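**Student:** Dumping the structure here so I can ask a few things about it.
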Amino acid sequence: MSVRAERHDQTLVLTIDRPDQRNAVDHTVAAGIEAALDEAEHDDAIRSVVITGAGDRAFCAGADLKAVAANPDPSFLVTERGGFAGIVRRRVPKIVIAAVNGAALAGGFEIVLACDLVVAAEHATFGIPEVKRGLVAGAGGLIHLPQRLPLPLALELAVTGDPIDATRAHELGLVNRLVPGEQVLGAALELAATIAANAPIAVRESKAVMLDSLDLDEDGRWERSEAAGAMIVQTEDLMEGVVAFAERRPPVWKGR
C-alpha cells in the first residue's frame with residue numbers, strides 16, 4: 001500500500017510509504033489519503049490525523065514525475081474532494097498535523113501547508129521550486145503561503161524557488177515544533193494527545209471559527225464567533241468541563 005493508516009489511541013497516522021520514490025505522490029497516494037481522511041471524518045473516536053512519510057529522507061517530494069511522464073494528464077494525481085494528493089483543497093473538521101521527517105518540496109510542501117499544525121525534524125527542508133522548472137506551484141502553495149507568512153517572505157519562496165531549512169521555517173512560524181529526526185512522529189503524537197484531552201466540539205469549533213474568519217469582515221468574524229459560543233453553551237460537554245474542574249478530576253467528554 002502506498003499509504004499506511006494506523007491508529008494510535010485517538011489519532012490516525014497516515015504514512016506515505018514510497019521511500020524509494022522520496023514518497024512522491026501518484027494516484028495511489030492521492031486515493032489512499034482521501035480514503036483515510038474520509039474514515040477520520042466519520043469516526044468520532046478519531047480526534048486528529050497525523051501525516052508523515054516513510055524513512056528519514058523525505059516527507060514528500062511532490063508529484064511523481066515518472067508517473068506524470070507516463071501519464072501526462074495530471075488529473076490522476078488529484079481526487080474530487082481533496083484535489084492534489086487528496087488533501088490540498090479539502091477542509092478536514094478535525095486537526096491535521098504534518099510530521100515532517102525530511103524534505104517537503106513542491107507538492108510535498110503544499111501538503112504541509114494544507115495541514116493545521118507542523119512538527120518538523122531538524123533536518124527537514126521546505127520549498128516550492130516549481131519556477132526552476134518553468135512551472136507554478138498549483139496545489140495551493142501560492143494561496144496558502146501568503147496566509148502563513150508576510151507577503152514579501154511568501155513571494156520570495158515562490159519566485160526564487162529556493163528551499164529553507166527547518167530552523168528558518170520554525171523562526172517564521174511555519175513549524176510549531178522542531179525536534180530531532182528520531183522524535184518527529186512521537187512529538188506529533190504527543191501534540192495530538194494534548195489536543196485529544198480537550199472537548200472535541202470545542203476543538204472543532206475553534207478551528208472552524210478561525211478558518212471561516214479568514215473570508216469574513218470584522219462584523220462577520222464576531223458573528224461567527226458568537227454563533228459558535230451560542231452552540232457550545234448547549235452542549236453536554238460544557239457542563240462536564242465545569243463539573244470536572246470543580247471536582248478536580250479529568251473530564252470525560254461525550255462529544256455532544
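**Student:** Inspect all residues belonging to segment 226-242 and state whether any of them is modelled with pLDDT of 90 or more, crowded, with 16+ Cβ neighbours inside 10 Å and more than 26 Å from the chain's Cα centre (by Cα).
**Tutor:** Scanning segment 226-242 turns up at least one residue that is modelled with pLDDT of 90 or more, crowded, with 16+ Cβ neighbours inside 10 Å and more than 26 Å from the chain's Cα centre (by Cα).
**Student:** It is to be established whether one or more residues within segment 84-105 are more than 28 Å from Ile195 (Cα to Cα) and either at pLDDT below 95 or of a type in the set (Gly, Ala, Ser) (or both).
**Tutor:** No, because not a single residue in segment 84-105 is more than 28 Å from Ile195 (Cα to Cα) and either at pLDDT below 95 or of a type in the set (Gly, Ala, Ser) (or both).
**Student:** Considering only residues that are more than 16 Å from the chain's Cα centre (by Cα) and within 16 Å of Phe84 (Cβ to Cβ), look in segment 24-55 and name the one that is surrounded by the most Cβ atoms within 10 Å (Cβ to Cβ).
**Tutor:** Ala24
**Student:** Read through the list (1) in a loop (DSSP other than H, G, I, E, B); (2) β-branched (Val, Ile, Thr); (3) surrounded by fewer than 23 Cβ atoms within 10 Å (Cβ to Cβ), then give the number of the only condition that Val131 fails.
**Tutor:** For Val131, the failing item is (1).
**Student:** Quick check, is Val179 in contact with a helix residue (DSSP H, G or I) (Cβ under 7 Å, 6 or more places away or on another chain) and closer than 28 Å to Phe59 by Cα?
**Tutor:** For Val179, the condition - in contact with a helix residue (DSSP H, G or I) (Cβ under 7 Å, 6 or more places away or on another chain) and closer than 28 Å to Phe59 by Cα - is met.
**Student:** Give the residues of segment 197-220 that are assigned to a loop (DSSP other than H, G, I, E, B) and within 23 Å of Leu238 (Cα to Cα), sorted by residue number.
**Tutor:** Listed by number, the residues that qualify are Ala197, Asn198, Ala199.
**Student:** Suppose the filter is assigned to a loop (DSSP other than H, G, I, E, B), of a type in the set (Asp, Glu) and assigned by TED's automatic domain parsing to the domain that holds Ala45; does Asp162 pass it?
**Tutor:** The answer is yes for Asp162.
One line per residue, one yes/no per condition, for (1) closer than 23 Å to Val13 by Cβ; (2) outside the structural domain of Leu214 (by TED's automatic domain parsing); (3) within 16 Å of the chain's Cα centre (by Cα):
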{"position": "Asp116", "(1), (2), (3)": "yes, yes, yes"}
{"position": "Ala120", "(1), (2), (3)": "yes, yes, yes"}
{"position": "Gln147", "(1), (2), (3)": "no, yes, yes"}
{"position": "Ala154", "(1), (2), (3)": "no, yes, no"}
{"position": "Glu171", "(1), (2), (3)": "no, yes, no"}
{"position": "Asn176", "(1), (2), (3)": "yes, yes, yes"}
{"position": "Gln183", "(1), (2), (3)": "yes, yes, no"}
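The values are calculated or read from the model by the stated rules, or taken from the named source; none is laboratory data. These numbers come from a predicted model, not from an experiment. As a convention, Cβ positions derive from the backbone with ideal geometry for all residues, glycine included, and neighbour counts pool all protein chains shown.
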